[in-house]
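Asks: Sending over a structure as structure tokens; questions will come in a sec.
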Amino acid sequence: MNARNIILMGCCGVLSLLWLNGSGSAQDKHQTNRKSSCSVVHPESICSSSNTCGSASTPCTVDVKRTSDSASTTANIVDAKANAPFCLKAGTKVTWQSSSKETGFLVDFGSSSPFEPSGAVIGGSDRSVTVTAKTSGCYKYSAGACVSGAINGMCDSIEADFIVLPNTD
């Protein structure tokens with residue numbers, strides 16, 4: 001295992017601790033004014049063709065980055081905004097990746113992952129991870145990113161959500 005992989009794994013470990021702690025000041029400053037789509041009565045009602053990512057035949061790609069003051073996730077949807085809720089249908093393959101150089105990431109869904117295989121997604125700029133959406137519902141997730149070789153403060157995380165719609169095809 002080379003030094004770069006060790007650093008990325010260490011960054012992911014730090015992000016895991018921040019997420020599990022839930023009280024990290026970096027996380028708090030980004031979540032103060034954010035309302036979750038999952039808190040509305042029918043979150044699927046926000047889904048439209050303009051915010052639905054991928055299909056049964058076309059994968060959805062989500063880019064996880066470390067930005068200048070935070071972390072971000074952006075689905076490959078036309079005019080997508082960072083950390084915006086997005087929708088996908090059950091059966092859609094989702095590739096979590098980072099287009100930023102030398103960046104490691106961790107995406108955690110807590111105890112209820114809608115994906116197969118389940119569990120946290122750990123990857124980096126040199127390792128994308130593909131999972132398949134299986135269970136419909138609204139899901140919150142925590143995504144963190146670290147820059148390789150970073151010093152204190154170069155890791156950060158955000159919370160966002162997405163909706164898995166039942167596959168009606």
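Asks: Could you please give the count of residues in the stretch 81-100 that are among the small types (G, A, S), touching a residue at least 60 places away in the same chain (Cβ under 8 Å) and buried (at least 18 other Cβ atoms within 10 Å of the Cβ)?
Replies: 1
Asks: Among the residues of the stretch 78-95, is there at least one that is closer than 19 Å to S49 by Cβ, more than 14 Å from the chain's Cα centre (by Cα) and hydroxyl-bearing (S, T, Y)?
Replies: Within the stretch 78-95 (the criterion being closer than 19 Å to S49 by Cβ, more than 14 Å from the chain's Cα centre (by Cα) and hydroxyl-bearing (S, T, Y)), the answer is yes, since at least one residue qualifies.
Quick grid of which residues meet (1) modelled with pLDDT of 95 or more; (2) within 23 Å of S37 (Cα to Cα); (3) assigned to a loop (DSSP other than H, G, I, E, B); (4) not acidic (D, E):
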{"residue": "I122", "(1), (2), (3), (4)": "yes, no, no, yes"}
{"residue": "Y139", "(1), (2), (3), (4)": "yes, yes, no, yes"}
{"residue": "S142", "(1), (2), (3), (4)": "yes, yes, no, yes"}
{"residue": "C146", "(1), (2), (3), (4)": "no, no, no, yes"}
{"residue": "T168", "(1), (2), (3), (4)": "no, yes, yes, yes"}
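Asks: Checking the structure you have, find out if any residue of the stretch 39-57 is under 16 Å from N167 (Cα atoms), touching a Gly at 6+ places or on another chain (Cβ under 8 Å) and not small (G, A, S).
Replies: no
Asks: Of the conditions (1) β-branched (V, I, T); (2) within 23 Å of N167 (Cβ to Cβ); (3) in contact (Cβ under 8 Å) with a residue 40 or more places away in the chain, V78 satisfies every one except a single condition; which number is it?
Replies: For V78, the exception is condition (3).
Asks: Based on what the data block shows, is S68 surrounded by fewer than 16 Cβ atoms within 10 Å (Cβ to Cβ) and either modelled with pLDDT under 95 or of a type in the set (F, W, Y) (or both)?
Replies: Yes.
Asks: Hey, another quick one. Do the conditions hold for S111, that is, is it closer than 17 Å to A160 by Cα and either without any contact (Cβ under 8 Å) to a residue 40 or more places away in the chain or surrounded by 15 or more Cβ atoms within 10 Å (Cβ to Cβ) (or both)?
Replies: Considered against the rule, which asks whether it is closer than 17 Å to A160 by Cα and either without any contact (Cβ under 8 Å) to a residue 40 or more places away in the chain or surrounded by 15 or more Cβ atoms within 10 Å (Cβ to Cβ) (or both), S111 comes out as yes.
Asks: Another one. Working only within the stretch 71-80, note down all residues that are crowded, with 16+ Cβ neighbours inside 10 Å and of a type in the set (A, V, I, L, M).
Replies: A71, A75, I77, A80
Conditions tested, residue by residue: (1) among the charged types (D, E, K, R); (2) at pLDDT 95 or above; (3) assigned to a strand (DSSP E or B).
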{"position": "I7", "(1), (2), (3)": "no, no, no"}
{"position": "L15", "(1), (2), (3)": "no, no, no"}
{"position": "K29", "(1), (2), (3)": "yes, no, no"}
{"position": "R34", "(1), (2), (3)": "yes, no, no"}
{"position": "V62", "(1), (2), (3)": "no, yes, yes"}
{"position": "T73", "(1), (2), (3)": "no, yes, yes"}
{"position": "I77", "(1), (2), (3)": "no, yes, no"}
{"position": "V94", "(1), (2), (3)": "no, yes, yes"}
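The values are calculated or read from the model by the stated rules, or taken from the named source; none is laboratory data. Treat the numbers as computed from the prediction; the structure is a model and nothing was measured. Here the Cβ is made from the backbone with ideal geometry for all residues, glycine too, and neighbour counts use every protein chain on show.
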